[in-house]
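Single-structure report; data block below.
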Amino acid sequence: MSASRALDRRVYLRSHPILFGLLAATRRRPVLRIGRTVLVHDREAVVTALTRIPLDRTATGTTGGAVDRLAGSGGLFDQQGDAHRQARRDVAERLGAAGVERLRPLWREVIDERLAPLARGGSVDLVPVAAEIAGTTAAALLDLTIDPLTLAAAAQQVGATAVRSHRPGPRRRRHGEREAERAAWHLLTLVEHGPAPSGLAATLAVAAVNTTVAALPRAAAWACRSADLWAYAQDPALADELLRVTAPTPLLPRVAAAGGALDGCPVHVGDRMLLITRHAVDAHRRAPDPADPAPARTAQLVFGAGPHACPGARLARHQMTDFLAALAPHRPVVVRARADRHSALPGWRSLIVRAR
């Protein structure tokens, strides 16, 4: 497991070194205030922040704020009251059990075709495979007739430029904002002819593509360096444990819309809360163990909690299970790994594997 953790650590050290250095240095404090920012590492405090403190879904510097500004009106995050609840119901229906079963044959076909070279002794870069899986799934989810890789590339660009637009320094920020606006406009033009409102479609595409492209290769890399895990490839517990340990979205930025308290630390209106889901689920301490998995309530936190839980959790788990099950017969080894320094989420730019 130490080899797997060392490999996965490269993703953080090479993509977001300063931020994650700060988080590592403060993780022994359950909750820590730095000015108007509250770092939240503790599991119960993260749950409290998501379920008991009203959140400003479209505040600057949050995921919702980026979507609201970049993806246009009609997005999932910028709707209030009945409109917001109806949007969530529509998304939940698309991503429910029947919806996932409708989508499953599509990503399985991509997996079978793209991993076929492993059976012939060839090598495969898992990152573009994950991108095609993500693009295929998102296009079908949104009823779009569009090339999957084109959709995936556009959604990745929106995510990456949204992150860069928040870098410090006025000149950098202005340049980043212009770049982000161009990326958002391109994505909106790709999804505008679908049945869903373009803002909502862009929101779902950005979320689905970026998390999938981060999650699948990182989980595979971990399993490649811990070969004993392949024996559990058919067990959904392995997917849950690898999603917990890799924590594809390791940090959730949120802004308080009302006051409250987290582990005794006061939270005021407008305070920025950085919810460190990676630490809340013990990803930095507890290795994946499908024979003795973490409690479901803990593992679920990588998808949020309460009214702010990710509606795509079911889809993510099924995709991960199918991806690992297809790789397992080959017992792959990592030939070359290159971290992505520009992605929205910590991930690999290239992860080439071959059969053992």
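The values are calculated or read from the model by the stated rules, or taken from the named source; none is laboratory data. Computed from a predicted model, the values in this text were never measured in an experiment. Neighbour counts run over all protein chains shown; Cβ positions are idealised from the backbone, glycine included.
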### Task
Scan (1) basic (Lys, Arg); (2) within 30 Å of GLU93 (Cα to Cα); (3) free of Cβ contacts under 8 Å to residues at least 12 places away in the same chain for the single condition ARG314 breaks and write down its number.
(3)
### Task
Identify, from the list ALA162, ALA130, ALA138, ALA153, the residue that is of a type outside the set (D, E, K, R) and surrounded by fewer than 23 Cβ atoms within 10 Å (Cβ to Cβ).
ALA153
#### Entry: Some residue of segment 184-197 being of a type in the set (A, V, I, L, M, F, W, C), in a helix (DSSP H, G or I) and free of Cβ contacts under 8 Å to residues at least 12 places away in the same chain
yes
## Note on the structure
From the option list ALA92, ALA71, single residue qualifying as at pLDDT below 85, closer than 29 Å to LEU126 by Cα and surrounded by 18 or more Cβ atoms within 10 Å (Cβ to Cβ) is ALA71
### Query
Name the residues in segment 340-356 that are over 16 Å from the mean Cα position of the chain (by Cα) and surrounded by 14 or more Cβ atoms within 10 Å (Cβ to Cβ), would you?
SER350, LEU351, ILE352, VAL353, ARG354, ALA355
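Is it true that THR249 is crowded, with 20+ Cβ neighbours inside 10 Å, in a loop (DSSP other than H, G, I, E, B) and not small (Gly, Ala, Ser)?
Working: crowded, with 20+ Cβ neighbours inside 10 Å: yes; in a loop (DSSP other than H, G, I, E, B): yes; not small (Gly, Ala, Ser): yes.
Yes; evaluated as a whole, the condition is true for this residue.
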### Query
Given the structure, is ASP228 of a type in the set (D, E, K, R), assigned to a helix (DSSP H, G or I) and surrounded by fewer than 24 Cβ atoms within 10 Å (Cβ to Cβ)?
yes
### Task
Could you grab me the full set of residues in segment 315-356 that are among the acidic types (Asp, Glu) and assigned to a helix (DSSP H, G or I)?
ASP322
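Just to be sure, is LEU315 within 18 Å of the chain's Cα centre (by Cα), under 24 Å from ALA152 (Cβ atoms) and modelled with pLDDT under 95?
Answer is no for this residue.
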### Query
Which ones in segment 266-284 are outside any helix (DSSP H, G or I) and hydrophobic (A, V, I, L, M, F, W, C)?
VAL267, VAL269, MET273, LEU274, LEU275, ILE276, VAL281, ALA283
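May I ask you to list the residues in segment 208-231 that are farther than 19 Å from SER15 by Cα and either of a type in the set (Phe, Trp, Tyr) or at pLDDT 85 or above (or both)?
ALA208, ALA223, CYS224, ARG225, SER226, ASP228, LEU229, TRP230, ALA231
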### Query
List pairs: first in segment 1-22 and polar (S, T, N, Q), second part of a helix (DSSP H, G or I) and modelled with pLDDT of 90 or more, Cβ under 6 Å, 6+ apart or cross-chain?
SER4/TRP222
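Can you confirm whether VAL302 is in contact (Cβ under 8 Å) with a residue 60 or more places away in the chain, surrounded by 16 or more Cβ atoms within 10 Å (Cβ to Cβ) and not in a loop (DSSP other than H, G, I, E, B)?
Numbers: in contact (Cβ under 8 Å) with a residue 60 or more places away in the chain: no; surrounded by 16 or more Cβ atoms within 10 Å (Cβ to Cβ): yes; not in a loop (DSSP other than H, G, I, E, B): yes.
For VAL302, the condition - in contact (Cβ under 8 Å) with a residue 60 or more places away in the chain, surrounded by 16 or more Cβ atoms within 10 Å (Cβ to Cβ) and not in a loop (DSSP other than H, G, I, E, B) - is not met.
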### Query
Could we say that ALA287 is part of a loop (DSSP other than H, G, I, E, B), touching a residue at least 12 places away in the same chain (Cβ under 8 Å) and surrounded by fewer than 15 Cβ atoms within 10 Å (Cβ to Cβ) here?
no
### Query
Can you tell me which residues in segment 229-246 are under 14 Å from SER4 (Cβ atoms) and aliphatic (A, V, I, L, M)?
LEU229, LEU238, LEU242, VAL245
